[in-house]
Amino acid sequence: MAAKPTTPRVRIGWRTTREGKVFFLVTLGVGVAAINTGNNLLFLVLGFLLALVILSGVMSETALRGVRIERRLPARAFAGQVALVEVALTNAKRRLASYSLEVEDVAENAPTERRCYFLKIAPGARQVAAYRRTTRARGPLRLASFRLATRYPFGIIEKSLLFSAPAELVVYPALVPVAESALPRALGGLEVPSLRVGPGAEVAGLRDHREGDEARAVHWRRTASLGRLVVRERALDQATRLALVVDNARPADASAAWDEAFELAISRAAWLAQRGLARGAAVEVLARGVRSPLVVAGHPADPLWRFLALLRPVPAGTAPALASASSTARALVVGDLGDGQPGTRAA
């Protein structure tokens, strides 16, 4: 999603670069020599150096002024994976271009790994760049502001401008695979044929072959007797309802190992949710006192991933009871099996 163009929040700031420090030392030396000797040529050189400083300040501020910034967040971001964030710069000036601009997207409690660089933005033009951001932990990532900086034109002073641009990106848990054998046990036993046509175990009837039908669906005996291609039409199975149970009650004496096991259980639940939906089940996640939305097969798992991304441990002493699964659902407990490693088991 794209954020609205931002406006400056604080005054323009500046710092001296490494090259700039050398330049100022040379300028100071020339000034001292000019005063001690009274040499007109040294005064001329000193005036030229000071003029470069003033010119650098004016041109760098001109490059920063009239620039608007927009951010476009990715549709999905998973913990531990690279996500691309787009940054768009618009030069609102009518006659002057902006040169050598660097944009840093500042997040709360998260370092900036990459920056976007724009060599030139013509008057009235808009340019888009992207940078890679990797978030190690699940949950909300709060982006606070943009830092727009330039060393144009001589590289002796870096001027910057801070733009307020609050935004939030919910980082989904990492998808940690679980043995496929856990799902057949959870999804077995509820494949009841419905009155609708679709992939299923029961044959609903025969019909003429259509373009796009699979060859394995052809009923060869009937085809041979009728002299034309006939395929089996199957009844769509009723969707199995899968409830993933994540116990988020944190014991009072829990250590860092429990926190790691809980995060791994969250990641495995995220993978199981995706696999359950892919195998035709309607999936929900149950925790202490809360439950996720029910997502039916054929829909993306984003509501489940978002629920897991925001799920936090609660103290065991005050934790409510686990949300109960419906009588027609297959419950799959995702948690610790007693050996210190999170796993899965059917409830």
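Values quoted throughout were computed directly from the atomic coordinates according to the rules given, and no laboratory measurement underlies them. What you see is a predicted model; the values in this text were computed from it and never measured. So basically every Cβ, Gly included, is an ideal-geometry build from the backbone, and we count neighbours across all protein chains shown.
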If each part is reduced to its alpha-carbon centroid, the range 279-324 and the range 163-180 end up apart, in Å, by 16
Test of understanding: ordering 150, 16, 328 by Cβ neighbours within 10 Å, fewest first, what list do you get?
328, 16, 150
So what are the ³J(HN,Hα) numbers for the range 216-228, from phi and the Karplus equation (6.51, -1.76, 1.60; θ = phi - 60°), rounded to whole Hz, Gly and Pro as x?
6, 7, 6, 8, 5, 5, 5, 4, 5, 6, 8, x, 8
Can you put 105, 259 in order, fewest other beta carbons within 10 Å first?
259, 105
Selection of GluC sites (Glu not before Pro), the range 61-150, meeting DSSP coil and at most 15 other Cβ within 10 Å:
108, 113
